[in-house]
Amino acid sequence: MKPPVDEHDRVEAPARKPVVASPLARFGETRHLGLVVALVLLAAVGLFTVPDTFATTSNMVSILSLAATIGVITVGMTFVIIGGGIDLSVGAIMALASVWATTLATQSYGPFVMIVCAVLVGTGAGLVNGLLISYGRMVPFIATLAMLVAARGLAQRMSDRRTQLVQQGNEMIVELSTSRVLGIPLLVYIFALVVIAGWVLLNRTTFGRRTYAVGGNPEAARLAGIDVRRHTVMLYGLSGLCCGIAAVLIMARTTTGSSTHGDLYELDAIAAVIIGGTLLTGGRGSIIGSILGLLIFTVITNLFILNGLNTSDQLVAKGLIIVVAVLLQRRSLESRT
């Protein structure tokens, strides 16, 4: 007679592949090394084309500050895509959270309430996405596209299409950008903490193993005892939480809340995740790869600005990079089958 199988044992079965990966596999996979090489080459281009400005401390801090806001969103997007979904609403949710937090009624209660408000609005919108997808049986693309439109519209209505300033007395939020430790703004440290927390959650917890399992094969995950619908709701709630944190960071960096914040951030976040090696079909990916992909995008943007190239060329370059990344993913999948 076979011994009874408890839930934990059943959950571990489909997620065993990412758990047994060695540290070398986690940090030094070929695709990660390729991303590092790409970053080095981009740095060489910067040193060659704009040697007086690229390698300065102020420019490095500028790159990190720019990467921080999108980076927090990218962490949440990595979870969603590994879990087999997609989230097109992250930029709009961030804008809505920033507007809600900077309304005069909210600001009258002080910076702590503003921060909590931004985080709760982001998390709430993410949970709505998850509920529509899991229990409303909506396609993630459609559900999050609807949220994108609705959140952006609600942000415009609340702000009357005006940029709302962070009022005096709420300097604590602004100090996240102006205060520095070892020459680096506090918001960059917050970004680093989110990355570390995301890595631990994905690689060292049951939640992370279930995320790989749900994204790799939802039906097998369900048969293994995972509540796939509830886990999907949690993934989108996590993405919304990251949007709320990103809203706080952009309020700190710009001292404003605006319905235009986060425009096209969803594309940058998705592109960074794809370039980082996460499969759009779900089940495989890493936080480290996504952050390296984000840094590549951010350095490219910085080089375009420093060399005086227009944003149209920048978008074309980003589009080509995304196409190449997807083609490499397809080739990798075909070579495995």
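The values are calculated or read from the model by the stated rules, or taken from the named source; none is laboratory data. Just so it is clear, the model here is predicted, and its values are computed rather than measured. Methodologically, a virtual Cβ is constructed for each residue, glycine included, from the backbone with ideal geometry; neighbour enumeration extends over all protein chains shown. Only protein heavy atoms, including side chains, enter the accessible area calculation; ligands, DNA and RNA are left aside. Shrake-Rupley method; radii C 1.70, N 1.55, O 1.52, S 1.80 Å.
Each residue in the range 35-66 was checked for being exposed (fewer than 14 other Cβ atoms within 10 Å of the Cβ) and either farther than 22 Å from Val188 by Cα or of a type in the set (Asp, Glu) (or both), and 8 pass. Pull up the range 83-102, narrow it to residues that are touching a Cys at 6+ places or on another chain (Cβ under 9 Å) and farther than 16 Å from Thr144 by Cβ, then point me to the one that is least open to solvent (accessible area, probe 1.4 Å). Here the answer is Ala101.
Taking the range 42-82 as the region of interest, how many residues are in contact (Cβ under 8 Å) with a residue 24 or more places away in the chain, hydroxyl-bearing (Ser, Thr, Tyr) and not in a helix (DSSP H, G or I)? Write out each step before concluding.
So the first thing to find is which residues in the range 42-82 are in contact (Cβ under 8 Å) with a residue 24 or more places away in the chain, and the list is 42-43, 45-46, 49-50, 53-54, 57, 59, 61-82.
Keeping just the survivors that are hydroxyl-bearing (Ser, Thr, Tyr) gives 49, 53, 57, 62, 65, 69, 74, 78.
In the following step, the residues that additionally are not in a helix (DSSP H, G or I) were identified as 53.
Total satisfying the criteria: 1.
Within the range 219-237, being touching a residue at least 12 places away in the same chain (Cβ under 8 Å), under 20 Å from Leu280 (Cα atoms) and open to solvent by 70 Å² or more (accessible area, probe 1.4 Å) holds for Arg229, Met234. Taking the conditions (1) open to solvent by less than 60 Å² (accessible area, probe 1.4 Å); (2) at pLDDT below 95; (3) over 17 Å from the mean Cα position of the chain (by Cα) in turn, Ile133 satisfies each one other than (2). If the condition is being open to solvent by less than 10 Å² (accessible area, probe 1.4 Å) and in a helix (DSSP H, G or I), then the range 249-263 contributes Leu249, Ile250, Met251, Ala252. Could you please let me know if Gly276 is open to solvent by less than 10 Å² (accessible area, probe 1.4 Å), modelled with pLDDT under 90 and under 26 Å from Asn59 (Cα atoms)? It is true that Gly276 is open to solvent by less than 10 Å² (accessible area, probe 1.4 Å), modelled with pLDDT under 90 and under 26 Å from Asn59 (Cα atoms). The single condition from (1) touching a residue at least 60 places away in the same chain (Cβ under 8 Å); (2) loosely packed, with under 13 Cβ neighbours inside 10 Å that Ile196 fails is (1).
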